[in-house]
Amino acid sequence: MFALSTPSRVQILGCLLDGPHSVSELIDALEIEQSAISHQLRILRDQTLVRVERVGRQRVYTLHDEYVAALLHDALSHVERRERQRKGLFARSSIRRGAAG
(Lines give C-alpha, C1' and ligand atoms only; values in the text may rest on other atoms or scores of the structure.)
Protein backbone atom coordinates (compact mmCIF):
# COMPACT_ATOMS: atom_id res chain seq x y z
CA MET A 1 0.00 0.00 0.00
CA PHE A 2 1.44 3.32 -1.15
CA ALA A 3 0.40 5.20 1.99
CA LEU A 4 2.47 2.89 4.20
CA SER A 5 5.56 2.90 1.98
CA THR A 6 7.31 5.75 3.80
CA PRO A 7 8.65 5.32 7.36
CA SER A 8 7.58 8.82 8.38
CA ARG A 9 3.95 8.09 7.44
CA VAL A 10 4.04 4.87 9.45
CA GLN A 11 5.52 6.80 12.39
CA ILE A 12 2.75 9.40 12.16
CA LEU A 13 0.10 6.70 12.11
CA GLY A 14 1.78 5.03 15.08
CA CYS A 15 1.54 8.27 17.05
CA LEU A 16 -2.12 8.62 16.12
CA LEU A 17 -2.82 5.14 17.49
CA ASP A 18 -2.41 6.78 20.90
CA GLY A 19 -5.09 9.35 20.09
CA PRO A 20 -5.53 12.72 18.40
CA HIS A 21 -2.47 14.91 17.90
CA SER A 22 -1.84 18.38 16.56
CA VAL A 23 0.85 19.00 13.98
CA SER A 24 3.07 20.59 16.64
CA GLU A 25 2.71 17.50 18.86
CA LEU A 26 3.67 15.26 15.94
CA ILE A 27 6.70 17.46 15.20
CA ASP A 28 7.84 17.20 18.82
CA ALA A 29 7.22 13.46 19.04
CA LEU A 30 8.87 12.52 15.75
CA GLU A 31 11.45 15.28 15.40
CA ILE A 32 10.50 15.79 11.75
CA GLU A 33 10.25 19.20 10.13
CA GLN A 34 6.83 20.83 9.92
CA SER A 35 6.82 20.89 6.11
CA ALA A 36 7.57 17.15 5.97
CA ILE A 37 4.88 16.33 8.55
CA SER A 38 2.33 18.44 6.68
CA HIS A 39 3.22 16.78 3.37
CA GLN A 40 2.88 13.28 4.83
CA LEU A 41 -0.38 14.17 6.57
CA ARG A 42 -1.81 15.43 3.28
CA ILE A 43 -1.01 12.06 1.66
CA LEU A 44 -2.52 10.17 4.60
CA ARG A 45 -5.63 12.37 4.40
CA ASP A 46 -5.91 11.80 0.63
CA GLN A 47 -5.69 8.05 1.24
CA THR A 48 -8.45 8.35 3.91
CA LEU A 49 -6.23 7.02 6.66
CA VAL A 50 -6.46 10.16 8.83
CA ARG A 51 -9.02 12.87 9.49
CA VAL A 52 -8.39 16.46 10.45
CA GLU A 53 -10.44 18.72 12.68
CA ARG A 54 -9.86 22.37 13.44
CA VAL A 55 -9.65 23.11 17.15
CA GLY A 56 -9.15 26.83 17.56
CA ARG A 57 -6.12 27.70 15.47
CA GLN A 58 -4.76 24.16 15.43
CA ARG A 59 -5.43 21.24 13.16
CA VAL A 60 -5.83 18.02 15.11
CA TYR A 61 -5.38 14.71 13.33
CA THR A 62 -6.89 11.34 14.19
CA LEU A 63 -7.00 7.95 12.54
CA HIS A 64 -9.85 7.88 10.05
CA ASP A 65 -11.72 5.04 11.75
CA GLU A 66 -11.41 1.80 13.70
CA TYR A 67 -10.51 -0.11 10.53
CA VAL A 68 -7.33 1.93 10.12
CA ALA A 69 -6.46 1.26 13.76
CA ALA A 70 -7.05 -2.48 13.23
CA LEU A 71 -4.87 -2.43 10.10
CA LEU A 72 -2.04 -0.79 12.04
CA HIS A 73 -2.36 -3.16 15.00
CA ASP A 74 -2.29 -6.14 12.64
CA ALA A 75 0.72 -4.79 10.72
CA LEU A 76 2.66 -4.08 13.92
CA SER A 77 1.78 -7.50 15.31
CA HIS A 78 2.98 -9.12 12.11
CA VAL A 79 6.31 -7.24 12.21
CA GLU A 80 6.84 -8.14 15.88
CA ARG A 81 6.04 -11.81 15.22
CA ARG A 82 8.43 -11.92 12.25
CA GLU A 83 11.14 -10.24 14.34
CA ARG A 84 10.74 -12.85 17.10
CA GLN A 85 10.91 -15.63 14.51
CA ARG A 86 14.00 -14.09 12.95
CA LYS A 87 15.71 -13.80 16.33
CA GLY A 88 14.74 -17.38 17.16
CA LEU A 89 16.16 -18.65 13.88
CA PHE A 90 19.35 -16.67 14.46
CA ALA A 91 19.73 -18.09 17.98
CA ARG A 92 19.16 -21.68 16.77
CA SER A 93 21.64 -21.31 13.90
CA SER A 94 24.25 -19.88 16.33
CA ILE A 95 23.79 -22.87 18.64
CA ARG A 96 24.21 -25.27 15.70
CA ARG A 97 27.39 -23.53 14.56
CA GLY A 98 28.79 -23.67 18.09
CA ALA A 99 28.04 -27.37 18.38
CA ALA A 100 29.51 -28.12 14.96
CA GLY A 101 32.78 -26.18 15.59
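How about the range 32-70: which of its residues are of a type in the set (D, E, K, R) and over 23 Å from F2 (Cα atoms)? Of everything in the range 32-70, those that are of a type in the set (D, E, K, R) and over 23 Å from F2 (Cα atoms) turn out to be E53, R54, R57, R59. Sub-7 Å Cβ pairs linking a first residue in the range 19-39 that is surrounded by 14 or more Cβ atoms within 10 Å (Cβ to Cβ) to a second residue that is of a type in the set (K, R) and not in a helix (DSSP H, G or I), at least 6 apart or interchain, are S22/R59; V23/R59, ordered by first then second residue. Is the range 61-81 home to any residue that is at pLDDT 90 or above, surrounded by 10 or more Cβ atoms within 10 Å (Cβ to Cβ) and of a type in the set (S, T, N, Q)? Yes: the range 61-81 contains one or more residues that are at pLDDT 90 or above, surrounded by 10 or more Cβ atoms within 10 Å (Cβ to Cβ) and of a type in the set (S, T, N, Q).
Residue-wise test of (1) over 12 Å from the mean Cα position of the chain (by Cα); (2) in a helix (DSSP H, G or I).
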site: S8; (1), (2): no, yes
site: I12; (1), (2): no, yes
site: L16; (1), (2): no, yes
site: E25; (1), (2): yes, yes
site: S35; (1), (2): yes, yes
site: S38; (1), (2): yes, yes
site: T48; (1), (2): yes, no
site: R54; (1), (2): yes, no
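The values are calculated or read from the model by the stated rules, or taken from the named source; none is laboratory data. Note that the structure is a prediction, hence the values are computed from the model and not measured. Positions of Cβ are backbone-derived with ideal geometry, glycine not excepted, and every protein chain shown enters the neighbour counts.
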